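Derivation of every value follows stated rules applied to the coordinates shown; laboratory data play no part. Remember, it's a predicted structure, so these values are computed and weren't measured experimentally. Virtual Cβ from ideal backbone geometry, glycine too; neighbours counted across all protein chains shown.
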Amino acid sequence: MKYQLILQSQKDFFHSGATLPVPYRLEVLSLLEGAIQNRQEQIESALAEDLGKSQQEAYSTEIAIVLSELRYAKRHLNSWARSKKAPVPLSHWPGRQQVTPVPYGSVLILAPWNYPFQLCLSPLISALAAGNCAVVKPSELAGRTALVICALLEELFSPEYVSVCLGESDTAAALTALPFDKIFFTGSGTVGKKVLSAAAVNLTPVTLELGGKSPCIVDSSADLKTAARRIMWGKILNCGQTCVAPDYVLVQRSVQETFILQCRMALEEFLGVNPLASPDYGHIINSAHYHRLLGLLEGCQICFGREIDPQHLRLSPTLVDNPSLDAPIMQEEIFGPILPVLPFDRLEGAVQIVQNHPNPLAAYFFSRNKQALREMKKAFSYGSCCINDTVLHLASPYLPFGGIGQSGMGKSHGKYGFLTFSHLQGCYQRYGRIEPSLRYPPYTEKKLAWVKKAMYLF
């Protein structure tokens, strides 16, 4: 009942028209930017407690990305929100056509635990920029960060505009059962299916940001030292608990041993000889996920790593040598600091392995061969990709971010996030009283002949 009242109050507030003026939206974004800057230390402290993130990692992967989204939206919102002219076909003359982005109304944002601040606030920025009201449900698994988000948003906004609902899975289930005008969910495919099913009852449009097994392909022409550094950085970031983290590496057999050596050297450079003692390396979110990761390593041949600290939920970055494609580690999204390395001889063999998995959220290609890169890019379907790097595409407001197939649906970030929370409303306006008689009955063979001739003009 409480959630129903919140939704109704937001619908009433939205229908008042208060959120529609662009100056109002810009003012809201500026207030949010200032509040985040003022609470920066609190946010960093919460992320350290929930996930063991260092100050630099917390700022660069969470706070900085949110502030970048805010500033980018503020610079471009006037242009995004403006009606755009559309061409007018001859059959519609004299007249004009335009497309206007209009907000949905009240939207629901369900945030994950792995980047609990960024992946909660970034879609909220897009939703508010588009002129919506919003209900936000942070993840209960990152409880300290959820409390900071709640305090920040409640300080800025009235609940009929932006409301925060804390709770566990039953809270999410109760919210998704309500007739929101849009739902934005980030999380696992299993939960994403439940959200989509619940939304279908009310025909609520849904954006799903999911995951999948994001592959890296490294051929023999690649700069192996650079590739190893960038791949291992992408893997140890947030202890591998990143939806676009490299999930496994396919490396050309002739350079496999060198690549593994370079990976070891890169890790020692980043975290020292004892990664578990590094202040720059976080921990697994909870005991259940920690033991799930240990279970994935059972029966695997370890290249290096697998040092454990159960008390603090830490597992050192671990490379697995050529696991069976049927092994759980190659069937499930890993979502942790474990990286299987598999050899291939020809590019076709690597592509076939990738094609046997559902569409990944991201793909990574390392090569200095332009022809090979062209072949890799078009060999299979994925949400987005990086060439000769990992993860960084996620942090760009200029690129659309989102999955395909089982890795998700819909786009976010920058203009694409604004459009995700907007309905593109078409309008045709007729001028004058002149109109062709062809459109009106009674219909004749002569009229039909003229209609067929006219079609060639369009």
field: Charge-dipole axis of the chain as Lys and Arg at +1 and Asp and Glu at -1 on Cβ define it, positive-most pick from LEU296, ALA142, VAL249
entry: VAL249
- prompt: Calculated FRET efficiency, LEU424 and LYS225, Cβ-Cβ r, R0 51 Å, to nearest 0.05?
  reply: 0.65
task: Please report, in debye to the nearest 20, how large the charge dipole of the range 189-242 is about its Cα centre when each Lys and Arg carries +1 at its beta carbon and each Asp and Glu carries -1 there.
output: 160
query: For the pair TYR431 and THR171, what calculated FRET efficiency results from E = 1/(1 + (r/R0)^6), where r is the Cβ-Cβ distance and R0 = 41 Å, to the nearest 0.05?
result: 0.20
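I'd like the antiparallel share, as a percent to the nearest 5, of DSSP beta bridges with both residues in the range 215-395. Could you put the intermediate results ahead of the total?
On the way: 4 of 23 bridges.
Here the antiparallel bridges make up roughly 15 percent for the range 215-395.
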- prompt: Full extension from SER188 to LEU203: what is 0.36 nm times the residue separation minus their Cα-Cα distance, to one decimal in nm?
  reply: 3.3 nm
- prompt: If you stretched the chain out fully between LYS447 and THR258, how much longer would it get, using 0.36 nm times the residue separation minus the C-alpha to C-alpha distance?
  reply: 60.5 nm
message: Quick check on packing: order 379-387, 336-344, 4-12 by the mean number of other C-beta atoms within 10 Å, highest mean leading.
response: 336-344, 379-387, 4-12
- prompt: Relative to the compact globular guide of 2.2 N^0.38 Å, what is the alpha carbon radius of gyration of the range 215-395, as a ratio?
  reply: 0.96
task: Treating the angle as unsigned and between 0 and 90°, give the value, to the nearest 10°, between the Cα long axis of helix 40-51 and the longest Cα principal axis of the chain.
output: 60
field: Unit charges at the beta carbon, dipole of the chain: most positive-side option, LEU108, VAL391, MET232
entry: LEU108
The range 48-109-the range 410-444 distance, computed between alpha-carbon centres (Å): 22
- prompt: To the nearest 10 degrees, how steep is helix 2-15 against the longest Cα principal axis of the chain, on a 0 to 90 scale?
  reply: 50
message: On C-alpha positions alone, give me the angle between the axis of helix 445-455 and the longest principal axis of the chain, in degrees, nearest 10.
response: 40
message: Along its three principal axes, how long is the chain when you only count alpha carbons? Whole Å, largest extent first please.
response: 82, 55, 38
message: Give me the dipole magnitude in Debye, nearest 20, for the chain about the Cα centre, with unit charges on the beta carbon: positive for Lys and Arg, negative for Asp and Glu.
response: 2780
- request: Towards the positive end of the charge dipole of the range 1-158, with charges on Cβ (+1 Lys, Arg; -1 Asp, Glu), say which of GLY95, ALA81, ILE65 has the farthest Cα.
  value: GLY95
- line: Rounded to the nearest 5, the percent of DSSP beta bridges in the chain running antiparallel is 35
message: Just want to confirm a number: the relative contact order over the chain, from Cα pairs under 8 angstrom separated by 6+ residues, in percent.
response: 18
Highest average packing first - 141-151, 162-172, Cβ atoms within 10 Å: 141-151, 162-172
query: Taking 0.36 nm per residue of separation and subtracting the Cα-Cα distance, what length does fully extending SER60 through ASN286 add?
result: 79.1 nm
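Taking 56 Å as R0, compute the FRET efficiency from the Cβ-Cβ separation of ARG96 and GLN331 and round it to 0.05. Before the final figure, lay out each step's value.
On the way: r = 55 Å, r/R0 = 0.98.
The value I calculate is 0.50.
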- prompt: How would you order 406-418, 109-121, 215-227, 91-103 from highest to lowest mean count of nearby Cβ atoms within 10 Å?
  reply: 109-121, 406-418, 215-227, 91-103
